[in-house]
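Visitor: Next up is a structure, given as structure tokens.
The values are calculated or read from the model by the stated rules, or taken from the named source; none is laboratory data. From a predicted model like this one, the values you see are computed outputs, not experimental measurements. In this analysis, Cβ positions are derived from the backbone assuming ideal geometry, glycine residues included, and neighbour counts consider all displayed protein chains. SASA here: full protein model, heavy atoms, side chains in, ligands and nucleic acids out. Shrake-Rupley method; radii C 1.70, N 1.55, O 1.52, S 1.80 Å.
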Amino acid sequence: MLRNLAVLGLALCAAVPAAADSVDDYVRAVMAKKKIPGVSIAIVRDGKLAKAEGYGLANVELSAPATADTIYQSGSTGKQFTAAGILLLAEGGKLGLDDRLSKHFPEGPAAWHRITIRQLLTHTSGIKDYEGETDLDMRKDYEEDALLKVMMGLPIQFEPGTQWSYSNSGYLILGLLTSKLSGKHWSEFQAERLFVPLGMTTTRVISEKDIVKNRAAGYELDAQGELKNQDWVSPSLNRCADGALYYTVKDLAAWDAALRERRFLKPASLEAWWTPVTLANGTKYQYGFGWDIAEQRGQRLLEHGGSWQGFRAAIARYVDQGVTVAVLANLASAEPEAMAHAIAGLVDAKLQLPDAAATLTDPDPSRAAKLRGVLEAWADSRIVPAMAKGLAETASGSAREAYGRRSTGGRLAALAAFRFLGDDDLTLKPLSWRGESVTRVAHYALDTKDARHVYRFYLTRDGRVADFGAEER
């Protein structure tokens, strides 16, 4: 283990004291506000582990402290490892990314003749995201053959390749495919090809039966805000490749080092992994293979979040800045993605977020009204002229997005106006975003009685909205 860490160049001595103090203060403040029992973080700068720290409790009942060695569940941050495994199989000649799913599962439904492996990786297959109440019994054990039958029975919600809609089902199928082609469970294949050679010493598939040192407990808050234990899930459903790993923030730092040094996968595979998917109409969506292709203050960002069984996880890689932040938490309602973004801004001034509490004079109130109109239209699945092509042609949405649309509509119905936070002027270095050239990112806040929601709008030179995003602060 020591030899692996030496090769990766991870050293705590690279810490920056001033940043560390502000990071500690920030994390503790968020934990108090959100009632998060435990959090662990890692900050990597230029390949060096600048900070690895735990806060609060990994297990409330045992008063066990959270540390940098605390093991959390990955949630959907595990999808990037599933994607890496598929790319390794492709490089080994076991599959092609544009193979039809029916080539490997000839017993599948007719729609699988139109779905490619690439579309599973990019959430563009159209396969419904499975639901625990209607599609799978979360308290029942399933063999892999039984899981495959359930996946084969899920409907197709749109023609493959024409829309983007997050689907855990697609990554569950990719895990079944990995098991079939590798001749071993997908988690064993990932351990042999990724976790062990890359020095990820604690990363493994979830198991409640095994003795796992430093394992955290997952929690949720009930309607009264009281802390409760996570819901129980059958062991077989905690072995699916849509996000069922254990790991620590130190392991995510080792993973980041391997990615930075490009220690596995060929250049063409890495490029495909981190390239936004192109839809059938020629527009793009900012998602690769298990990675969101994002930005912060105009700087490139590769990231993903995860949520499962009372745990939340996030890894954010600012590839041009040489900064990576990993945040793991043991509360279902934690917001580790927002925490990672804020922490990055504390350690690198170029990444500093707009002050969400500020009230600035809006230089163009009419623009704010137009942006609000775009949100209202999106919440109602309507198209308006202010939407650029990519956003307009995916505005009808899918069942998976319905919750987000309802939530956005509810926020807007109760509020009169945005609060302007500032613009990022990207005129000199435009972003390529969803097939558009974005020259400005506008930041606004919406305050509700429960939370502050910060929106960012990606605007073309003529003021159309190429995309928007939001996070809770």
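Visitor: Normalised by the residues of the chain, what does the relative contact order come to in percent, with Cα pairs under 8 Å and at least six apart?
Guide: Value for the chain: 16 percent.
Visitor: Continuing with this model, one more query. Between VAL384 and VAL150, what length comes free when the chain is fully extended (0.36 nm per residue of separation minus the Cα-Cα distance, one decimal in nm)?
Guide: Full-extension gain reported as 80.4 nm.
Visitor: Here's another thing I want to ask about it. Rolling a 1.4 angstrom probe over the protein chains, ignoring ligands and nucleic acids, what is the accessible area of ASP129 in square angstrom, nearest 10?
Guide: Number for this one is 20 Å².
Visitor: Suppose R0 equals 45 Å. What FRET efficiency, 1/(1 + (r/R0)^6) with r the Cβ-Cβ distance, do SER432 and GLU188 give to the nearest 0.05?
Guide: That pair, SER432 with GLU188, gives E of 0.70.
Visitor: Can you pull the accessible area of ARG473 for me, 1.4 Å probe, Å² to the nearest 10?
Guide: Answer for ARG473: close to 60 Å² accessible.
Visitor: What's the ranking of 75-83, 293-301 by average number of surrounding C-beta atoms within 10 Å, highest first?
Guide: So the peptides 75-83, 293-301, ranked by packing, come out 75-83, 293-301.
Visitor: Dividing the convex hull volume of the alpha carbon atoms of the range 130-202 by its residue count, what do you get in Å³ per residue?
Guide: 139
Visitor: Taking only protein heavy atoms into account and a 1.4 Å probe, give the accessible area per residue of the chain in Å².
Guide: Accessible area per residue, the chain: 42 Å².
Visitor: Oh, and also: Can you give the direction-averaged projected area of the convex hull of the alpha-carbon atoms in the range 228-274, in nm²?
Guide: 5.2
Visitor: Express the relative contact order of the range 24-168 as a whole percentage, based on alpha carbon pairs under 8 Å and six or more residues apart in sequence.
Guide: 15
Visitor: How much accessible surface area, in Å² rounded to 10, belongs to the heavy atoms of HIS104 with a 1.4 Å probe?
Guide: For HIS104, the solvent-accessible surface is approximately 20 Å².
Visitor: Set the Förster radius R0 to 25 Å, insert the Cβ-Cβ distance between ALA223 and THR134 as r into 1/(1 + (r/R0)^6), and round the FRET efficiency to 0.05.
Guide: 0.60
Visitor: Further question on the same structure: In what sequence, largest accessible area first, do MET339, MET152 appear using a 1.4 Å probe?
Guide: Highest to lowest solvent-accessible surface, that is MET152, MET339.
Visitor: On to the next question. At 37 °C and 0.692 mPa s, what whole-number value in µm²/s does Stokes-Einstein give for the translational diffusion of the range 279-345, with Rh from the Kirkwood sum over Cα pairs?
Guide: Estimated diffusion coefficient is 258 µm²/s.
Visitor: So what are the ³J(HN,Hα) numbers for the range 458-473, from phi and the Karplus equation (6.51, -1.76, 1.60; θ = phi - 60°), rounded to whole Hz, Gly and Pro as x?
Guide: 9, 10, 7, 4, 8, x, 6, 8, 6, 5, 8, x, 8, 8, 8, 10
Visitor: Explain nothing, just the number: relative contact order of the range 109-238, from Cα pairs under 8 Å at least 6 residues apart, as a whole percent.
Guide: Relative CO of the range 109-238 lands at 27 percent.
Visitor: Here is a further query. Could you pull the Cα extents of the range 42-99 along its three principal axes, largest to smallest, in whole Å?
Guide: Projected onto the principal axes, the Cα atoms of the range 42-99 cover 50, 32, 14 Å.
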